[in-house]
């Protein structure tokens with residue numbers, strides 16, 4: 001079933017975010033978003049150093065030894081919050097329209113975010 005309106009998310013690749021729910025919850029340490037997966041059923045983000053999982057790799061051409069690797073797994077987009085660098089705290093975001101497009105503005109400090 002298709003949705004009429006596609007959801008818009010305020011989190012982009014390269015943003016600083018804090019994890020507000022789950023095992024890696026820490027509202028005082030910002031982390032970097034590595035990827036955003038905005039599919040309809042479960043929008044997720046890949047955050048640096050969050051939700052680490054152990055993956056067993058078979059030997060292949062790039063990794064002839066094989067072995068066990070730790071890597072990040074995606075977390076739901078609702079479990080992260082954008083980091084406001086001016087107030088040094090997580091903040092909600094509103095979208096303001098300008099001549100060039102939309103700008104994300106922090107509701108806490110009123111400053112534009114990147």
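See the values below:
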read-out: Relative contact order [Cα under 8 Å, 6+ residues apart], the chain, whole percent; value: 20 percent
read-out: Highest-MSF residue in the chain out of 26, 60, 51 [GNM, Cα springs under 10 Å]; value: 60
read-out: Rg(Cα)/(2.2 N^0.38 Å) for the chain, N = residue count; value: 1.29
read-out: Gaussian network model of the chain, springs between alpha carbon atoms under 10 Å - residue of 77, 68, 11 with greatest fluctuation; value: 68
read-out: For segment 40-100: relative contact order, % (alpha-carbon pairs under 8 angstrom, 6 or more apart); value: 29 percent
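Throughout, read-outs are computed from the coordinates displayed, never taken from laboratory work. Predicted, not measured: the structure shown is a model, and the values here were computed from it.
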